Amino acid sequence: MAAIDIKVFEPTATPGVYQHRVLGRMRVSVPLEVLAGRLADEHFTEVAPNEYTHPDIRCRFCVRPGQTVSDLLAEVPPEPAPPRARVPKSVVLSRLTDAQLEAALALMTPRQMERWRAPDQPTVYTDDPDTVAIVTAVGADPQVVLAV
């Protein structure tokens with residue numbers, strides 16, 4: 001039996017309703033701390049092949065053949081990666097001197113120039129390798145110029 005961490009049950013705005021990243025929303029009729037002691041496989045009732053219920057949780061658990069409910073509950077997908085930071089191009093421009101800006105424009109390839117001037121993309125990623133390389137090449141500090 002896999003260990004089940006109740007931290008994977010996140011409270012919602014509705015009392016007694018929790019969000020599980022694999023199972024979704026579920027209503028729990030007892031305090032979560034009490035439920036933690038009742039999540040062993042023997043607390044679940046098989047109602048159909050590979051389908052289980054629990055007396056304190058209002059939902060059905062469907063498992064893969066050979067998988068236990070506790071294995072299912074222990075499955076936690078990795079956290080999604082945080083969104084990459086972006087900085088407005090106008091801010092980047094304001095942080096470069098006229099000489100640095102002139103040098104940066106001279107270093108850009110035609111594709112980079114078109115990407116920089118694209119009206120539908122008013123920001124750049126702070127970790128964009130091309131932008132970091134150009135800012136560094138003109139003698140500016142990318143940590144300062146590309147700071148959010």
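The values are calculated or read from the model by the stated rules, or taken from the named source; none is laboratory data. Since the model is a prediction, treat every value here as computed from it, not as a measurement. Here the Cβ positions follow ideal geometry from the backbone for every residue, glycine too, while neighbour counts run over all protein chains shown. For accessibility, only protein heavy atoms count, side chains too; no ligands or nucleic acids. Shrake-Rupley method; radii C 1.70, N 1.55, O 1.52, S 1.80 Å.
Proximity of backbone amide H atoms, modeled 1.01 Å from N, is registered between Cys59 and His54 at under 5 Å, excluding neighbours fewer than 5 places apart on the same chain. 3J(HN,Hα) along the range 47-63: 9, 7, x, 6, 10, 10, 10, 9, x, 9, 10, 8, 5, 9, 10, 9, 10 Hz, from the Karplus curve 6.51 cos²θ - 1.76 cosθ + 1.60 with θ = phi - 60°, whole Hz, x for Gly and Pro.
With the full set of protein chains in place, find how many percent of the accessible area of the range 56-127 is carbon and sulfur; take the probe as 1.4 Å. The partial results should precede the final answer.
Values: 2860 of 4920 Å².
Here carbon and sulfur together make up 58 percent of the probe-accessible area.
Each residue, Ala137 and Arg86, gets one label point 7 Å from its Cα in the Cβ direction; the gap between the two is 2.4 nm.
Database remark: amide H of Thr123 closer than 5 angstrom to the amide H of Lys89 (H placed geometrically; neighbours at sequence offset of 5 or more, or on other chains; Pro and chain starts carry no H).
Where only protein heavy atoms count, and the probe is 1.4 Å, what is the accessible area per residue for the chain in Å²? Write down the numbers at each step before the final one.
Details: 9320 Å² over 148 residues.
In whole numbers, the chain has 63 Å² accessible per residue.
The label point for Arg27 and the one for Cys62, both projected 7 Å from the Cα toward the Cβ, are 2.2 nm apart.
From the coordinates of this entry, Rg/Rh (Cα atoms, Kirkwood Rh) is computed, and it appears in (i) 1.14; (ii) 0.98; (iii) 1.33 under the label (iii).
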